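S.K.: Pasting a structure below so you can have a look.
The values are calculated or read from the model by the stated rules, or taken from the named source; none is laboratory data. These figures come from a predicted structure and were not determined experimentally. For neighbour counting, all protein chains shown are included, and Cβ atoms are generated from backbone atoms with ideal geometry for every residue, glycine included. Note: accessible area is taken over every heavy atom of the protein model, side chains too, but ligands, DNA and RNA are not part of it. Shrake-Rupley method; radii C 1.70, N 1.55, O 1.52, S 1.80 Å.
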Amino acid sequence: EETFVFWSQGPSATETDKCDNAEIAIKKAIDANENLSALDISVFAQGSFKARTNIRQESDVDVCVRYNKEFFPEYPDGTSEATFGNVDGSLRYADFKDMVEKALRGRFGDYGVKRGNKAFDVHANTYRIDADVVPTFEHRRYTGRKDTAGGWEYWSGVAFLPDSGGLIKNWPQQNYANGVSRNNETGRQYKRAIRILKHLQNRMKIEGVVEASNIPSFLIECLVWNSEPAAYSHATYSEDVRQLIINMWNATKNDESCGKWVEVNRLKWLFHPSQPWTRVQVHSFMHAAWNYIGFK
């Protein structure tokens, strides 16, 4: 219980400040670039640092650089861009990513920036942490319905093209808003439970428990999200963790029992062929976690 209490704690003020400083530094790099400063761009932190569900082993903050005048669309079956009156944009994503790279190198230098398949790694210094900077366009998932103003309704997210190809879509604003709502509903126990399970997974991985490998931080957040809030409302964290593991283990016994589980954003299925994890993988991890803790 003492260990779980310690693990439940949120990031320190110093950690939070270093995260904020990284976001501010990226914004300054974009604003200082002559080409990018003239564009409608939003720069914001996303992921566990934004949600304050990060633990110390998560050493970098995700910063999204989104160009708001271009978007990747997703249309309902039987419709096309013509249905919604959309036309191709004038700025290619690849060109935008190159522009962001130039802006980052202009501020942090060639040695301070490393280009990856999906993001740029901006190295840390004494007052900010490492930042994974992801250039994105808006992503629009059209519903096929009209909104109250008569325009086409859509869910707004972000999307980007890795250098290796393909399209990756995310919903950072919905992730954040839904997480805050659930945390408030549960007297702040939701995020504490996430931190405990992240620490647990990390400790198991360090000690060579193979079932703890390849369990992403975001997956743990989604698993807690899909568990009944009552699971993490006991008198002790030990009881919370015990019930969470029971719930997750039972739910992942077969495809049907967790077939409607979703990501925190509630816009993507949690267990889908496109995801980098599987139900079986989670089921095995929960079994291993139960044994590792020593529950009976």
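S.K.: Out of curiosity, is Tyr127 open to solvent by less than 40 Å² (accessible area, probe 1.4 Å), in contact (Cβ under 8 Å) with a residue 12 or more places away in the chain, among the hydroxyl-bearing types (Ser, Thr, Tyr) and in contact with a helix residue (DSSP H, G or I) (Cβ under 8 Å, 6 or more places away or on another chain)?
M.R.: no
S.K.: Follow-up. What are the residues in segment 242-264 that are among the aromatic types (Phe, Trp, Tyr) and part of a loop (DSSP other than H, G, I, E, B), if any?
M.R.: If the condition is that a residue be among the aromatic types (Phe, Trp, Tyr) and part of a loop (DSSP other than H, G, I, E, B), then Trp261 is the only one that fits.
S.K.: Testing Tyr154 on (1) closer than 30 Å to Tyr67 by Cβ; (2) of a type outside the set (D, E, K, R); (3) part of a helix (DSSP H, G or I), one condition comes back false. Which one is that?
M.R.: Only one criterion is unmet by Tyr154, namely (3).
S.K.: Residues that are modelled with pLDDT of 90 or more, open to solvent by 50 Å² or more (accessible area, probe 1.4 Å) and not acidic (Asp, Glu): list the helices (runs of 4 or more DSSP H) wholly contained in segment 1-103 that include at least 3 such residues.
M.R.: 2-7, 13-31
S.K.: Restricting the first residue to segment 242-260 and requiring it to be within 21 Å of His272 (Cβ to Cβ) and open to solvent by less than 40 Å² (accessible area, probe 1.4 Å), which pairs with a second residue that is in a helix (DSSP H, G or I) and of a type in the set (Asp, Glu) meet a Cβ separation below 7 Å and a spacing of at least six or different chains?
M.R.: none
S.K.: Within the bounds of segment 188-209, is there any residue that is among the acidic types (Asp, Glu), open to solvent by 30 Å² or more (accessible area, probe 1.4 Å) and assigned to a helix (DSSP H, G or I)?
M.R.: no
S.K.: Quick check on my filter: what residues within segment 216-241 are open to solvent by 10 Å² or more (accessible area, probe 1.4 Å) and within 20 Å of Gln46 (Cα to Cα)?
M.R.: Pro216, Ser217, Phe218, Glu221, Trp225
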